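Take a look at the structure set out below.
The values are calculated or read from the model by the stated rules, or taken from the named source; none is laboratory data. Source: prediction; values computed, not measured. Cβ placement follows ideal geometry from the backbone for every residue including glycine, while neighbour counts extend to all protein chains displayed.
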């Protein structure tokens with residue numbers, strides 16, 4: 001199903017769609033994730049990020065991150081855990097960025113969340129951007145700051161922004177994230193103004209896997225990183241289609 005034009009619908013309509021998509025996406029993730037991971041909707045990390053799906057895990061496994069220092073690509077290996085593909089080959093996206101100038105270590109926040117079960121850590125977040133996240137400077141900076149804090153704390157992130165850039169993010173929301181992480185802006189293509197972005201929260205040099213897209217384009221599977229550079233591919237289109245079916249026909253964008 002192609003991406004629809006959500007810029008012309010009322011905020012309430014998008015919020016309804018957003019709520020449905022979060023629910024279906026969390027269901028989808030729980031089918032895809034290994035048994036030692038789980039996804040839950042609307043979890044809040046203290047006073048931190050809302051409107052997210054958070055993934056938590058118990059004990060660390062012993063897998064290790066490795067990268068080719070010349071090509072900045074990940075080791076091409078794969079594994080299966082409990083019958084589920086855990087992919088370690090480079091994600092198939094249009095662009096791959098590595099932060100060249102990491103922030104001062106003293107500025108990295110440590111953000112650990114304890115749940116009702118024994119010391120479960122938040123390891124990744126999925127965020128579907130709402131119109132209210134960037135309709136004024138305070139909300140945009142708060143949204144960026146909380147997510148960047150999570151990434152700097154070692155929490156991986158998948159950002160889904162189906163809203164075109166506005167006066168506060170004229171080069172796209174990813175560029176605002178990349179600036180806040182301490183690097184320069186990156187290429188922005190006006191003909192592909194929407195963004196799917198997966199952030200690998202490596203301690204020294206965060207990485208971003210970017211897929212610019214536009215209204216009318218199809219979704220591609222996006223990586224959602226787990227621990228130690230492992231990731232699953234999230235077929236966003238399935239949950240998007242399910243959420244789309246829950247929007248009243250009279251309010252649907254074209």
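What the table below lists for this structure:
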| quantity | calculated |
| --- | --- |
| Breaking point among (1) in contact with a strand residue (DSSP E or B) (Cβ under 9 Å, 6 or more places away or on another chain); (2) surrounded by fewer than 22 Cβ atoms within 10 Å (Cβ to Cβ); (3) within 29 Å of residue 121 (Cα to Cα); (4) modelled with pLDDT under 90, for residue 206 | (2) |
| Residue 147 under 22 Å from residue 18 (Cβ atoms), modelled with pLDDT of 90 or more, crowded, with 23+ Cβ neighbours inside 10 Å and in contact with a helix residue (DSSP H, G or I) (Cβ under 9 Å, 6 or more places away or on another chain) | no |
| Flag for residue 185 being free of Cβ contacts under 8 Å to residues at least 40 places away in the same chain and in contact with a helix residue (DSSP H, G or I) (Cβ under 7 Å, 6 or more places away or on another chain) | yes |
| Failed item, numbered, when residue 174 is tested on (1) at pLDDT below 90; (2) assigned to a helix (DSSP H, G or I) | (1) |
| Count of the stretch 150-162 residues which are touching a helix residue (DSSP H, G or I) at 6+ places or on another chain (Cβ under 6 Å) and under 25 Å from residue 13 (Cβ atoms) | 2 |
| Extreme residue, modelled with the highest pLDDT, among residues of the stretch 17-49 that are part of a loop (DSSP other than H, G, I, E, B) and either in contact with a helix residue (DSSP H, G or I) (Cβ under 8 Å, 6 or more places away or on another chain) or farther than 19 Å from residue 121 by Cβ (or both) | 42 |
| Some residue of the stretch 184-198 being more than 20 Å from residue 164 (Cβ to Cβ), buried (at least 21 other Cβ atoms within 10 Å of the Cβ) and modelled with pLDDT under 90 | no |
| Flag for residue 237 being surrounded by fewer than 17 Cβ atoms within 10 Å (Cβ to Cβ), touching a strand residue (DSSP E or B) at 6+ places or on another chain (Cβ under 8 Å) and part of a strand (DSSP E or B) | no |
| From the options 212, 223, residue that is part of a strand (DSSP E or B), over 12 Å from the mean Cα position of the chain (by Cα) and either over 24 Å from residue 34 (Cβ atoms) or modelled with pLDDT of 85 or more (or both) | 212 |
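Residue-by-condition table, conditions (1) touching a residue at least 60 places away in the same chain (Cβ under 8 Å); (2) buried (at least 16 other Cβ atoms within 10 Å of the Cβ); (3) closer than 15 Å to residue 20 by Cβ; (4) in contact with a strand residue (DSSP E or B) (Cβ under 9 Å, 6 or more places away or on another chain):
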residue: 213; (1), (2), (3), (4): yes, yes, no, yes
residue: 217; (1), (2), (3), (4): yes, no, no, yes
residue: 227; (1), (2), (3), (4): yes, yes, no, yes
residue: 230; (1), (2), (3), (4): yes, yes, no, yes
residue: 242; (1), (2), (3), (4): yes, yes, yes, no
